[in-house]
1. In segment 352-405, how many are closer than 26 Å to Met181 by Cα, outside any loop (DSSP other than H, G, I, E, B) and either within 13 Å of the chain's Cα centre (by Cα) or not acidic (Asp, Glu) (or both)?
2. Give me the pairs, please: first residue somewhere in segment 89-114 and closer than 18 Å to Leu360 by Cβ, second residue anywhere and of a type in the set (D, E, K, R), beta-carbon distance under 8 Å, and either six or more positions apart or on two chains.
3. Could you grab the pairs with beta carbons closer than 9 Å, sequence gap of 6+ or different chains, first residue in segment 328-351 and over 20 Å from His207 (Cα atoms), second one among the aromatic types (Phe, Trp, Tyr) and within 14 Å of the ligand (Cβ to nearest atom)?
4. How do the helices (runs of 4 or more DSSP H) wholly within segment 245-319 filter down when requiring 3 or more residues that are near the ligand (Cβ under 9 Å from one of its atoms): which remain?
5. What helices (runs of 4 or more DSSP H) lie completely within segment 57-173 and have 2 or more residues being touching a His at 6+ places or on another chain (Cβ under 8 Å)?
6. Collect the residues in segment 374-405 that are free of Cβ contacts under 8 Å to residues at least 12 places away in the same chain, over 21 Å from Ser6 (Cβ atoms) and among the charged types (D, E, K, R), keeping them in residue-number order.
7. Consider segment 328-346. How many of its residues are assigned to a loop (DSSP other than H, G, I, E, B) and surrounded by fewer than 16 Cβ atoms within 10 Å (Cβ to Cβ)?
8. For residues that are buried (at least 21 other Cβ atoms within 10 Å of the Cβ) and either among the basic types (Lys, Arg) or over 26 Å from Asn249 (Cα atoms) (or both), tally how many sit in segment 186-220.
Amino acid sequence: DTIPASFFAQMGLSLYDNGYLNTAVCKSTISYIDGDRGILRYRGYNIEELAEHSSFIEVSYLLIYGELPTRQQLATWNARIMRHTFVHENMLEYMKSFRYDAHPMGMLVSAVAAMSTFHPEASTDLHGDQIYQDHKMINKQIFRLIGKIPTLAAIAYRHRIGRPYVYPNQELDFTGNFLFMMDRLSETTYTPNPALVRALDVIFILHADHELNCSTAAVRQLGSTGIDPYVSIAGATAALYGPSHGGANEAALKMLEEIGSVENIPAFIEQVKAKKRKLMGFGHRVYKFYDPRAKLMRKTAEEVFKIMGRNPIIDVAIELERIALSDEYFIKRNLYPNVDFYSGIIYKSMGFPTDFFPVLFAIARTTGWLAHWREQLLQGTPIFRPAQAYNGEEAREYVKMEDRV
Ligand code: ACO
């Protein structure tokens, strides 16, 4: 078991751990990573099995409630989420107010935060802690956030291309409806290709949770103050906006496009070994072995190419991976492809603009964020208040303006 922080406090000790690299700030039963063996499990189930047999919406249930749903539970869960896919009409006006070239992540962060004002009953500030003693209230916020975030994402996209917003289609499944709302060509007649729906559904499963990554830590940090989940999830979306978190797939895609063809790989590898460049989409803070999601991504890419045509950049990626994995430099440093190595290629092939990639990540990760929000609420938590190691000035005499030189 772990040693509680209060033990150190009583001893008058504190630990300097820059960036929380070695400090566990909560106990969790949601996802498990073994970085040395390349294992990722959600609630004990291997990611490979979930990606093969489950739908994203089923995995969302598993992450949030801890068990795979029965057929009946899944039908009810799906119906509840799909019923909450519509957003308030005023939200459309709000989205219209953004510049035509606003970044979709900026729009999403703002829109999710604005949801807080549409659902003020979710705030513990108004009702005290008692509000979330009721699981119905917890569930309602969960249905709303999982249901509405894809709608807000699609609105952000449609706003960018200057086309009317497409209302949700509850006849479709979660991912099919999202692609329906994104439709680039018509407003009502588009039927998403089932194989592309399945591919994106698998990608959503792979991105749904990853224990205490930066954005999930943000949910717990913000949630520890008792704010409503809309503001917490907006904060997490903001953390995901960062290029070191949600933006690495774009960087990996850019790098592969810059390499351009397999003949250019050896020269690029030399630059990496000379530390002039970084191999984007390689290496991971936790995985010191093949990221299991990267393997599944590569498989999914082939499925997408069957429909969209083969993107030649994939051959550069495969060859780059082959060369790197047989090179002593990368072997010694345990550098393997991570989830971002192949995802950008897939998104591009599916027609998503590059700055929309982190939005796709946010749609999927919303379920993980909510699983952590709910877990923390039921566990109870002290307000997060990390310690700092002060290394600034000692006490100094104040110098009046007229005496300063
Ligand atoms: N390319 C080349 N060399 C690398 C890479 C890389 N991508 N990653 C690490 N290294 C090297 C370092 O230069 C270092 O070499 P040295 O020992 O000679 O100094 C050694 O490997 C160890 O590197 P660290 O920085 O200590 O590894 P860390 O675990 O801290 O870094 C990180 C992990 C930040 C993800 C890093 O691998 C990286 O920057 N990768 C590229 C960006 C990327 O793909 N990010 C996405 C991560 S997945 C996600 O966020 C969803």
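1. Total satisfying the criteria: 17.
2. From segment 89-114, the pairs are Ala102/Arg160; His103/Asp355; Pro104/Arg160; Pro104/Asp355; Met105/Asp355.
3. Listed pairs, sorted by first residue: Phe330/Phe282; Phe330/Tyr336; Asn334/Tyr287; Asn334/Phe289; Leu335/Phe282; Leu335/Tyr329.
4. Qualifying helices (runs of 4 or more DSSP H): 248-259.
5. 89-96, 104-118, 135-161
6. Once the filter is applied, which keeps residues that are free of Cβ contacts under 8 Å to residues at least 12 places away in the same chain, over 21 Å from Ser6 (Cβ atoms) and among the charged types (D, E, K, R), segment 374-405 yields Glu393, Glu394, Arg396, Glu397, Lys400, Glu402, Asp403, Arg404.
7. 2
8. Total meeting the criteria: 1.
The values are calculated or read from the model by the stated rules, or taken from the named source; none is laboratory data. As the structure is a prediction and not an experimental result, all values here were calculated from the model. Every residue, glycine among them, receives a Cβ derived from its backbone with ideal geometry; neighbour counts consider all protein chains shown.
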